[in-house]
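Below is one structure, written out as structure tokens; comments come after it.
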Amino acid sequence: MDLPLPNIPLPVIEREPTFETLFNNRLDQLRGLLTDVGFDWDTYMLRSDPLNRFCRHAAYGDLLMVSAMNDTFRATLTDFAQGADLIALASDWDLTRADGETIDDLRRRLRETKKGQGGFSDNWYKRFAFAADPLRVEDVGVEGDGSGGVLVSILSKDNGGVASDELIATVEAALNAPGVRGDNDHIRVVRAVILTVNVEADVWLLPEASKDDTLAAAETALFANFATERRLGWDFASDFAIAALRTTGVKRVTLITPQANSVVVTAANEAVALGSIKLNYAGRAY
């Protein structure tokens with residue numbers, strides 16, 4: 001399973017100093033140059049001084065230069081490139097962004113392509129399963145039995161995660177294409193097992209929050225966060241639902257279903273789907 005990157009600092013090739021550090025360096029540099037020619041610059045700390053303004057603008061330029069260097073460096077990294085930069089990286093691997101495909105989905109396909117180089121491994125088959133239909137394949141699970149049998153589970157982006165017969169056939173054809181399937185492998189493509197989870201919770205709002213708008217926003221946030229995180233083998237924890245529902249205006253959330261401090265555990269070929277969501281207005285709280 002391809003997990004998203006954790007929340008880590010952005011990579012840099014040059015540590016970005018504070019503006020104050022750059023400004024002070026510029027002041028010290030100019031003061032030294034003026035002292036060498038016998039000029040006593042005693043108004044260097046006045047913002048109205050023309051040379052102080054010059055140093056301030058120079059420091060901004062220094063800061064912009066370092067930021068541009070780091071942005072250029074990040075544009076070369078699969079996990080941090082955005083927009084046209086990521087599309088250019090994907091083209092180096094003969095990948096083209098499909099109509100309607102999001103940048104993050106293209107990024108994931110690029111990761112799978114890089115990991116799936118050579119050898120008829122699990123990542124090899126995942127690479128071609130994703131490429132078979134980038135707009136509908138959300139996740140792929142691959143399990144080998146050690147005797148040439150390869151079971152490929154497909155999680156769909158639509159229909160609650162249940163892959164259609166047509167999508168299963170498309171992926172199966174792609175994996176059995178010449179040059180893709182290993183000579184001794186027997187590939188079977190199946191739908192991922194879907195575990196439906198219904199969510200019901202009592203919700204307390206802040207005094208100034210609009211009841212209908214806030215509850216609707218909380219439900220939307222739960223769907224959005226779930227869609228971002230859901231993968232094959234991803235366990236659904238009750239704490240995840242509580243955190244997602246704690247949007248602006250929500251003071252307190254108590255889960256009824258699933259039970260608090262519980263986890264819906266999934267296997268490598270299983271995925272969670274959200275069923276019904278019921279948010280009960282429980283009153284106001286500070």
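What follows draws every value from the coordinates through simple rules; no lab data is involved. From a predicted model like this one, the values you see are computed outputs, not experimental measurements. Note that we place each Cβ from the backbone using ideal geometry, even for glycine, and neighbour counts take in every protein chain shown.
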Exercise for the section: Could you tell me which helices of the chain pass both thresholds, a Cα extent of 24 Å or more along their own axis and a mean Kyte-Doolittle hydropathy of at least -0.5, with helices taken as whole DSSP H runs? Expected result: 19-36, 50-74, 211-229
Problem - MRE, 222 nm, helices only [DSSP H, n ≥ 4, -39500 (n - 2.57), over the chain, to nearest 500] - result: -13000 deg cm²/dmol
Fill in the blank from the handout: Checking rank on 138-151, 94-107, with mean other Cβ inside 10 Å and highest first, the result is 138-151, 94-107
Exercise for the section: Sort 228, 247, 78 so that the residue with the fewest other Cβ atoms within 10 Å of its own Cβ comes first and the one with the most comes last. Expected result: 228, 78, 247
Problem - Lysine-lysine proximity count for the chain, Cα under 25 Å, sequence distance 8 or more or distinct chains - result: 9
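Provide, as a two-decimal number, the C-alpha radius of gyration of region 194-284 over 2.2 N^0.38 Å, N being how many residues it has.
1.08
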Practice task
Take the alpha carbon atoms of region 116-169, find their center, do the same for region 28-51, and report the distance between the two centers in whole angstrom.
Solution key: 67
Problem - Separation of alpha-carbon centers, region 246-278 and region 192-216, rounded to whole Å - result: 10
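With viscosity set to 0.890 mPa s and temperature to 25 °C, compute the Stokes-Einstein D of region 1-112, Rh being the Kirkwood radius across alpha carbon pairs; µm²/s, no decimals.
It comes out at roughly 141 µm²/s.
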Exercise for the section: Please work out the FRET efficiency for the pair residue 151 and residue 263, using the Cβ-Cβ distance as r and a Förster radius of 35 Å; give the result to the nearest 0.05. Expected result: 0.90
Completion exercise
Full extension between residue 21 and residue 281 adds, at 0.36 nm per residue less the Cα distance, a length in nm of 88.4 nm
Problem - Peptides ranked, highest mean first, by Cβ atoms within 10 Å: ranges 33-46, 271-284 - result: 271-284, 33-46
Practice task
Select one label from (i) 53, 48, 39; (ii) 48, 42, 42; (iii) 85, 60, 32: the one whose number is Cα extents along the principal axes in Å as derived from the coordinates shown.
Solution key: (iii)
Practice task
Name the shape class, rounded, prolate or oblate, that the alpha-carbon gyration tensor gives for region 38-78, where a ≥ b ≥ c are the square roots of its eigenvalues, rounded holds for a/c under 1.5, and otherwise prolate holds if a/b is larger than b/c and oblate otherwise.
Solution key: prolate
Handout entry: Nonlocal amide H pairs with residue 101, under 5 Å, H built at 1.01 Å
Key = none
Completion exercise
Residues whose built amide H sits under 5 Å from the amide H of residue 139, excluding neighbours closer than 5 in sequence, are 155
